[in-house]
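The values are calculated or read from the model by the stated rules, or taken from the named source; none is laboratory data. From a predicted model like this one, the values you see are computed outputs, not experimental measurements. Positions of Cβ are generated from backbone atoms using ideal geometry, with glycine treated the same way; all protein chains shown enter the neighbour counts. Remember, those area values only see protein heavy atoms, side chains included, never the ligands or the DNA or RNA. Shrake-Rupley method; radii C 1.70, N 1.55, O 1.52, S 1.80 Å.
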Amino acid sequence: MRHRWGLLAVLLLGTLGGQAAAQGRLISGTVTDSATAQPLSGAVITIVGTRVFAFAKDNGKFAMPDAPESDVTLEVRLVGYKRRNVVVPAGENSVSVALVRDLLKLEEIVVTGQATSVERRNLASAVATVSSDDIGNVPTAS
């Protein structure tokens, strides 16, 4: 009976140790506007080639646990800004990313009935943008 419990304890400890070793490093950083240096919230940060991602909080800060120990490329995206790829070397755990506004709106996301989301520059049909101001200026019957 003691032998079984000892074997079970060794197997349990071996499993937990393997999980701890496979966790990887923590990459943290800040996403800001390149013109104003203000923090940007809601940016999506992903490690290219993996499913590891994070969102920038209200203060622009993000944290990505379980990042690979090797060099990684982060892709940072936010609607209204150009996407940016940043290489984070293996020995570095902190990064600061400044995004540039997308004045031509080429990276704007368009939602259609046929596709879930397509970037405006890849869209094969005409696009019109309607803002809330445009809707407010339309005469309506009361």
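The table below lists the values:
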quantity: Pairs, first under 17 Å from T30 (Cβ atoms) and in a strand (DSSP E or B) in segment 79-93, second of a type in the set (S, T, Y) and open to solvent by 70 Å² or more (accessible area, probe 1.4 Å), C-beta under 7 Å, six or more apart; calculated: none
quantity: Count of segment 46-79 residues which are under 9 Å from the mean Cα position of the chain (by Cα) and farther than 19 Å from G91 by Cα; calculated: 7
quantity: Filter result (under 17 Å from R25 (Cα atoms) and either of a type in the set (V, I, T) or open to solvent by less than 50 Å² (accessible area, probe 1.4 Å) (or both)) within segment 68-78; calculated: P68, V72, T73, L74
quantity: Residue in segment 123-142 that is farther than 16 Å from R25 by Cβ, of a type outside the set (K, R) and modelled with pLDDT of 95 or more present; calculated: no
